[in-house]
Amino acid sequence: MDDAPQSPSSKGSSSALLKVLIALVAVITVVVVAIAGVQIGRAKGSSSPSISVNGTGTVRATPDTVTFEVGVHTVAASAKASLARNNAKLDALRRALERNGVTSKNLQTSGLNIYQNTNTAGQITGFSVDNTLNVTMHDVGRSGAALDAAVNTVGDGIILNGISFSVSDQSGLLAQARTKAMRAAHRAAVDLASVSGANVTAVVRISDEEQSVQPVYFANASFASVAATKSSVPIEAGRQTVSVSVSVVYGLSS
């Protein structure tokens, strides 16, 4: 019985079963190798623990520069006459500003407009000319006297669009703000790390996220209200704020 030859169908079934077993072993081997590869890749790609924090530093300083726009408004029957009148008054305005601490290099034409005046029927009744100067003064204390001289020179035709203040050299302020921002970031990193039982090590990366300078503005004034002023215009420079934000990544150790 034991030595009886196997039928062809039995041999075929055994061969097919053997092929299936070999294929399963191959698949299992591939899966094991793939899993091992993922684990090795994660191990090699893992980074040291770190913490990312933000810090902001703010510095306030008294502005040393004032900028304002001042000019002349004239009206005449013709464009030529209005422009001639405007030119004469603007020249007088320029000389008055220079006598009160404004240098010629800090005077710049900022606008020149000539337009028709019409009545309700659409008929031309005359021509207006507006000519304005952008003025920069590095002596804030003299700016009130300069504006007063401008009003007295031009009279009711004065144009004043606004005043802003700034610090001429902001590099020192930005450096102070950056130092404060880095100190704030380090304090935040130490506080957060201590809660988790870790220690802050070296800086891994620094990003200068944002720098902002907030200028100080003086309210706009109409030429009519300014012209009524009897004494020197009071000018207050106030304080300017410079802010810097940083993002810092620190290494951690246990």
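The values are calculated or read from the model by the stated rules, or taken from the named source; none is laboratory data. Please read these numbers as outputs of a predicted model, since none were measured by experiment. Cβ placement follows ideal geometry from the backbone for every residue including glycine, while neighbour counts extend to all protein chains displayed.
With respect to (1) surrounded by 14 or more Cβ atoms within 10 Å (Cβ to Cβ); (2) part of a helix (DSSP H, G or I), the lone exception for VAL135 is condition (2).
Any residue in the stretch 173-185 that is touching a strand residue (DSSP E or B) at 6+ places or on another chain (Cβ under 7 Å), of a type in the set (S, T, N, Q) and either free of Cβ contacts under 8 Å to residues at least 40 places away in the same chain or assigned by TED's automatic domain parsing to the domain that holds ASP130 (or both)? The answer is no; no qualifying residue exists. Within the stretch 115-165, the set of residues being under 18 Å from ALA77 (Cβ atoms) and acidic (Asp, Glu) comprises ASP130 only. Which one is surrounded by the most Cβ atoms within 10 Å (Cβ to Cβ), of the residues in the stretch 138-179 that are among the acidic types (Asp, Glu) and over 14 Å from THR67 (Cα atoms)? Going through the qualifying residues, I end up with ASP148.
For the stretch 207-218, the criterion of a residue being modelled with pLDDT of 90 or more and over 30 Å from GLY71 (Cβ atoms) is satisfied by at least one position. Please give the number of the condition MET182 fails out of (1) at pLDDT below 95; (2) surrounded by 12 or more Cβ atoms within 10 Å (Cβ to Cβ). Condition (1) is where MET182 drops out. Any residue at all in the stretch 143-160 that is free of Cβ contacts under 8 Å to residues at least 60 places away in the same chain, within 29 Å of the chain's Cα centre (by Cα) and outside any strand (DSSP E or B)? The answer is no, given that none of the residues of the stretch 143-160 is free of Cβ contacts under 8 Å to residues at least 60 places away in the same chain, within 29 Å of the chain's Cα centre (by Cα) and outside any strand (DSSP E or B).
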